[in-house]
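The values are calculated or read from the model by the stated rules, or taken from the named source; none is laboratory data. Quick caveat, the model's predicted, so the values are computed rather than measured. Glycine gets a Cβ as well: all are built from the backbone with ideal geometry, and neighbour counts include every protein chain shown. We work out accessible area using only protein heavy atoms, side chains counted, and drop any ligands, DNA or RNA first. Shrake-Rupley method; radii C 1.70, N 1.55, O 1.52, S 1.80 Å.
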Amino acid sequence: MGYVALESLRTVRRRSVLITGSVKMVAIRMQFTLYLVVLLNIYNSFVSALYFHIGETEKKCFIEEIPDETMIIGNYRTQLYDKQKEEYLPATQGLGMFVEVKDPDEKVILSRQYGSEGRFIFTSHTPGEHQICLHSNSSKFALFAGGMLRVHLDIQVGEHTNNYAEIAAKDKLTELQLRVRQLMEQVDQIQKEQNYQRVSVLQVWQLRSG
Amino acid sequence: MRHPCLLILAVYIAFINATELTFELPDNEKQCFYEDLEQGVKFDIDFQVIAGGNYDVDCFVTDPVNNMLYQERKKQYDSFSHTTTMKGVYKVCFSNEFSTFSHKTVYLDFRTGEDARLLPDMNGATALTQMESACLSIHEILKVVSDSQTWYRLREAQDRLRAIILFVVCIGQVLMLKSFFNDKKASVATST
């Protein structure tokens with residue numbers, strides 16, 4: 001998404017050379033807005049989230065029970081303990097994380113190797129418990145040296161994955177329209193979860209009786 | 001849209017972090033989650049044991065200077081709210097060390113951050129219009145609805161299981177009692 005903003009910035013810059021006067025002011029303002037969006041996206045990826053420690057070969061799995069057609073965005077950032085400086089520093093090259101996502105039928109829907117920092121996105125096609133597993137994959141065995149890896153993890157589900165700044169810019173919404181849009185998305189998500197709950201209860205009864 | 005920059009900035013500044021996770025806690029193990037928070041930030045922790053053993057887990061929360069903010073043993077579910085008094089790393093730990101053979105599956109909802117507020121105008125704080133205030137209130141209420149829905153969905157799943165176990169045990173006890181009387185009848189019949 002930041003890439004799209006950068007591309008638009010380049011296009012705007014090219015066009016602003018040809019136009020003059022007050023129209024140029026508008027173009028500059030738009031350029032500034034786009035710069036802001038790009039900058040804030042970069043900032044967003046560094047905002048600290050919940051973190052935990054894992055060992056070298058340890059596999060950490062999280063379960064997310066979600067309805068179908070729900071998007072999940074996971075951001076993670078790793079830090080390795082530096083014995084000399086006695087603090088956690090951003091993980092060095094050669095240290096990657098292997099992310100595996102399984103759907104409720106134990107089918108793998110995402111299986112990828114990311115770097116020391118990464119972002120994974122997937123959309124559920126069946127409602128139920130999805131399992132997100134992370135484990136470190138280091139090419140240099142001496143990196144860990146018996147220490148722990150600190151993993152910052154941030155998982156956004158459903159309505160929280162919407163980027164309202166982007167939606168506002170794309171659909172040209174006023175502030176009030178954006179707020180109402182957010183409320184609509186929230187209600188949609190609540191309704192989806194409620195339907196999922198109703199279906200899962202029915203399924204349990206069917207299993208028991210049939 | 002006269003101030004698109006302000007709008008975009010406002011959307012980002014009103015940043016509320018919420019992490020919902022369900023994880024497995026093997027027997028004899030402890031799992032801790034940490035979060036770096038500023039001073040004066042309100043955070044809420046909701047947890048529930050959704051599977052395993054007696055559906056209980058030890059939980060404790062400590063502040064940056066290791067003061068115990070919350071400590072409970074063998075709890076099935078609970079909610080804890082606190083406003084931070086100092087900046088630093090706050091820790092939430094779940095322990096299954098009292099159990100020797102049952103894995104527990106724990107659901108955790110860690111919500112931090114202040115209420116969504118608009119960035120004040122350059123001239124000073126401008127009040128929200130009635131429509132904007134209404135939208136903000138509805139937004140907050142919907143957040144509560146969503147969280148409550150998840151909470152009660154998990155409670156319901158457990159209570160349903162308990163109801164079934166209760167029913168089965170009940171029938172079992174009735175049948176067992178019946179069998180005692182059947183034996184008595186047989187012995188009475190043979191003695192006469």
All conditions in (1) among the small types (Gly, Ala, Ser); (2) modelled with pLDDT under 85; (3) under 14 Å from the mean Cα position of the chain (by Cα) are true of B:Ser146 except (2)
Is there a residue in the stretch A:84-94 that is of a type outside the set (Phe, Trp, Tyr), within 14 Å of another protein chain (Cβ to nearest Cβ) and closer than 13 Å to A:Ser136 by Cβ?
-> no
Residues being open to solvent by less than 30 Å² (accessible area, probe 1.4 Å) and in a helix (DSSP H, G or I): count how many of those fall in the stretch A:168-199.
-> 7
Would you check if B:Ala157 is of a type in the set (Gly, Ala, Ser) and not in a helix (DSSP H, G or I)?
-> no
Restricting attention to the stretch B:59-94, which residues are in contact with a Lys or Arg (Cβ under 9 Å, 6 or more places away or on another chain) and polar (S, T, N, Q)?
-> B:Thr62, B:Asn66, B:Ser81, B:Thr83, B:Thr84
Restrict the check to the stretch B:160-167 and report whether at least one residue is within 12 Å of chain A (Cβ to nearest Cβ) and over 25 Å from the mean Cα position of the chain (by Cα).
-> yes
Among the candidates B:Glu24, B:Glu20, residue that is closer than 26 Å to A:Arg150 by Cβ, modelled with pLDDT under 90 and within 14 Å of chain A (Cβ to nearest Cβ) | B:Glu20
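Here is a yes/no grid of residues against (1) touching a Ser or Thr at 6+ places or on another chain (Cβ under 6 Å); (2) more than 13 Å from chain A (Cβ to nearest Cβ); (3) at pLDDT below 90; (4) part of a strand (DSSP E or B):
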position	(1), (2), (3), (4)
B:Cys5	yes, no, yes, no
B:Leu9	no, no, yes, no
B:Glu35	no, no, no, yes
B:Asn54	no, yes, yes, no
B:Asp58	yes, yes, no, yes
B:Arg73	no, yes, no, yes
